[in-house]
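The values are calculated or read from the model by the stated rules, or taken from the named source; none is laboratory data. Note that this is a predicted model, so its numbers are computed, not measured. No Cβ is skipped: glycine too gets one built from the backbone with ideal geometry, and neighbour counts run over all protein chains shown.
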Amino acid sequence: MTPDHALLRARVDRKQDIAVDITAFDLVEADGTALPPFTPGSHIDVHLANGLIRQYSLCNDPRETHRYQIATLRVAAGRGGSRAMHEAVHVGDPILISAPKNHFPLAQDATHSLLLAGGIGITPLLCMAEHLWAIAHPFALHYGARAIKRMAFRERILQSPFAHRVKLHFDDGPAGPGLDLPALLHHPQAGVHLYTCGPKGFMDAVLSTARHAGWPEGQLHFEFFGAEAVERTGDQAFELQLARSGRIVRVAANQTVLAALVAAGVQVPSSCEQGVCGTCATRVLQGIPEHRDLLLAPEEQAANDVFLPCCSRAKSARLLLDL
Ligand code: FES
């Protein structure tokens, strides 16, 4: 978890419904001072009063220092984070947040950036678009949503100076052809980097289409929001061996590796605890992990030398960890 001393005491300055089930929040420093700077693709941890910690991408222009803007999708069947944001967070409320972190940065060597957003996945990509326009870097943004009324930031995008770089795609309404991924991604080019964020089905489609078309992994950048429920009924207990001390730590069938390590007094940094942020990445020296994360590329998972202990388990009876 983020240590308490690193948390910022912010205040909710604005709360606005911007699409069906989507609400935007402007967060400012409680004492009115400037906030720590951030780069495109950054997110913050929001510490909710119910004890949950949720990650939200910053979607405002990164040149702004007076606010962090986030937008949240209400997920009725979720684990309570989005409901708490929508129902229990009000204008004027104090709110604890982390400083911005970036696991989804823009590549420095890109000559062109292709941004593909699905639904609420627009948030980090809108921040990227603001930045790329400001630095006169070539880019195109494709943004798909199930319906016009579910499209967050549509007016802001249409009124932006980069509106001509954006194509909006809806499943309803007279929006013209939908997002034709095979046509869009059929010709990977050196220097062109692809960034995608959105629901898992959308991102799976984008990434599998790109990989099938031959995009190099280094030109694919993605950020998942949260893991879907994983079937755990077949989970088995297994052992960890810590290479630096030789200690053996048992992971129970109903326990995460991270929880077992913490219970054994082993400190491993963590944040999302859903296999999406990479904070807990740990080297595996021996044994076969069972990867359940949404972050590592297929060949990174296949290498089996790193795993994410907040969600992944073991296929072998023991994992030797570089801890
Ligand atoms: S804590 Fe985020 S991936 Fe493990």
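Quick rundown of the values:
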read-out: Residue identified as of a type in the set (Asp, Glu) and closer than 16 Å to Glu217 by Cβ among Glu273, Glu300, Glu290; value: Glu300
read-out: The lone exception for Ala107 - which of (1) at pLDDT below 95; (2) closer than 27 Å to Leu207 by Cβ it fails; value: (1)
read-out: Answer residue from the range 266-323, given it is among the small types (Gly, Ala, Ser) and modelled with pLDDT of 90 or more and is farthest from the ligand (Cβ to nearest atom) among those; value: Ala317
read-out: Those residues of the range 202-230 which are without any contact (Cβ under 8 Å) to a residue 60 or more places away in the chain and within 11 Å of Gly118 (Cβ to Cβ), in sequence order; value: Asp204, Ala205
read-out: Complete set of residues in the range 268-310 that are acidic (Asp, Glu) and not in a strand (DSSP E or B); value: Glu273, Asp293, Glu299, Glu300, Asp305
read-out: All positions within the range 185-205 that are at pLDDT 95 or above and assigned to a helix (DSSP H, G or I); value: Leu185
read-out: Test: residue in the range 156-178 that is in a loop (DSSP other than H, G, I, E, B), in the same structural domain as Ala134 (by TED's automatic domain parsing) and under 23 Å from the mean Cα position of the chain (by Cα); value: no
read-out: Any hit, the range 223-236, residues being on the phi > 0 side of the Ramachandran plot, of a type in the set (Asp, Glu) and touching a Cys at 6+ places or on another chain (Cβ under 6 Å); value: no
read-out: Within the range 188-229, considering residues that are over 16 Å from Leu125 (Cα atoms) and of a type in the set (Ser, Thr, Tyr), the one surrounded by the most Cβ atoms within 10 Å (Cβ to Cβ); value: Thr209
read-out: Total residues in the range 282-303, condition among the hydrophobic types (A, V, I, L, M, F, W, C), more than 22 Å from Ala237 (Cβ to Cβ) and more than 15 Å from the chain's Cα centre (by Cα); value: 2
read-out: Unique match (being modelled with pLDDT of 95 or more and among the acidic types (Asp, Glu)) among Glu223, Glu239; value: Glu239
